[in-house]
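Just below is one structure, and these are the notes that go with it.
Each reported figure results from applying straightforward, stated rules to the coordinates on display, with no laboratory input. From a predicted model like this one, the values you see are computed outputs, not experimental measurements. Note: ideal-geometry Cβ built from the backbone for every residue, glycine included; neighbour counts use all protein chains shown.
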Amino acid sequence: MVIIKAEIDEDLKRKLWEKAFKKFGYSKGALSKAIREAIEKWVQEEFKQTDEFAMKMERLRDLNNTFFEKIESELIEKYPGMYGAIAKGKLLGIAKSFHEIVKIANEKAPNEPHRLIFKIPDKAKKHKKRGKLGWRSSVVKIVGTT
Amino acid sequence: MEVKRSENCWDYVSGNLRRPYPVLDVLIIVDGIANQFLFELDTGYDGSLLLPLHLFYELRLNEFEIPRKYWATAETVTGKKIILRTAIAEVQVGSLRFETEIETYEGNNLFLAGLGLIDELKVLLDGVGKRLCIIENT
């Protein structure tokens, strides 16, 4: 167990006391129990939201990347060196510059949480070569892959 | 961290290393909104810019990702292999503006500027003066 200090305003304190004593009785540990419960609920909710966001993002990422892989060779054949944008599993457009493609993407899929914006290569790229993250990254504890 | 800069020069900073190291300010511009970050120059990193994952999302770079097929697999000096989530963004260093790739991975908390960024710039490492300068229009 650790002790955490935090400041809350008078009104919230009054409400906390009222609810804590009502639920846990007029005992010494009532406030601690209520605060612990409140923090646990908040942390669980935050994790739930983060997990839901990550899952949604992964679904959209899969959708957009699957579509890209389907049309990749066609894009390379027709539009080498140009820029493309994909969202919701659809091609949003093709443009000559990064600025133009961003404009198209913002017009056609303005609030889409995941989009692909890319320069179409001259020929099909294989997976990029392995790179080095630098000596500084050696001091970082790596949690896992993205 | 506050860094003294004059025009296109940034003083080395002191951190948890044995000696001060070179850094540079980079503006990452997403939909016209610029966010400034201080990146450590690391020639051992062969990408352009590496950001912490939470910033990748806060800057909405997930809306500018390149296809997963083109993400690099990187290897740390300890031999750990990780996949680098990558997006394209417009950046500004000094008065130079260009597009570049920004990478991240879960667990990263470093801000690194690597060989990919250096390819776009003329960088002077003034070790004696303990500062990094970007040379423009030369």
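Couple of notes before you dig in:
- When you filter the trypsin sites (Lys or Arg not before Pro) in the stretch A:17-102 for DSSP loop state and at most 15 other Cβ atoms inside 10 Å of their Cβ, you are left with A:28, A:88, A:96.
- Length-normalised contact order of the stretch B:17-97 in % [C-alpha pairs under 8 Å, at least 6 apart]: 32 percent
- Proximal aspartates and glutamates to residue A:15, defined as alpha-carbon separation beneath 20 angstrom and excluding residues fewer than eight positions away on the same chain: A:7, A:37, A:40
- Out-of-range pairs (alpha-carbon distance over 22 Å; input A:23/A:48; A:103/A:123; A:56/A:108; A:5/A:48; A:78/A:119): A:23/A:48; A:103/A:123; A:5/A:48
- Distance from the C-alpha centroid of the stretch B:59-78 to that of the stretch A:75-119: 18 Å, rounded to the whole angstrom.
- Pairs of Cα atoms nearer than 8 Å and 6+ residues apart set the relative contact order; for chain B it is 30 percent.
- In loop segments of the stretch B:83-138 as defined by DSSP, the trypsin sites (Lys or Arg not before Pro) with at most 13 further C-beta atoms inside 10 Å of their C-beta are B:122.
- Loop-located GluC sites (Glu not before Pro) in the stretch A:1-76 whose Cβ has at most 16 other Cβ within 10 Å (DSSP): A:7
- Along the stretch B:56-61 the Karplus relation, 6.51 cos²θ - 1.76 cosθ + 1.60 evaluated at θ = phi - 60°, assigns HN-Hα couplings of 4, 6, 4, 7, 6, 6 Hz to successive residues, with x for each Gly and Pro.
- Residue among B:108, B:62, B:16 with the largest mean-square fluctuation in a Gaussian network model of chain B, springs linking Cα atoms under 10 Å: B:16
- Listed residues B:38, B:96, B:51, most fluctuating in chain B (Gaussian network, C-alpha, under 10 Å): B:96
- Peptide-level mean, for B:116-129, of C-beta atoms on other protein chains within 10 Å: 0
- Non-local Lys pairs in chain B, i.e. 8 or more apart or on different chains, that have alpha carbons under 27 Å apart: 5
- Average Cα contact separation per residue, the stretch B:50-89, under 8 Å, 6 or more apart, as relative contact order %: 40 percent
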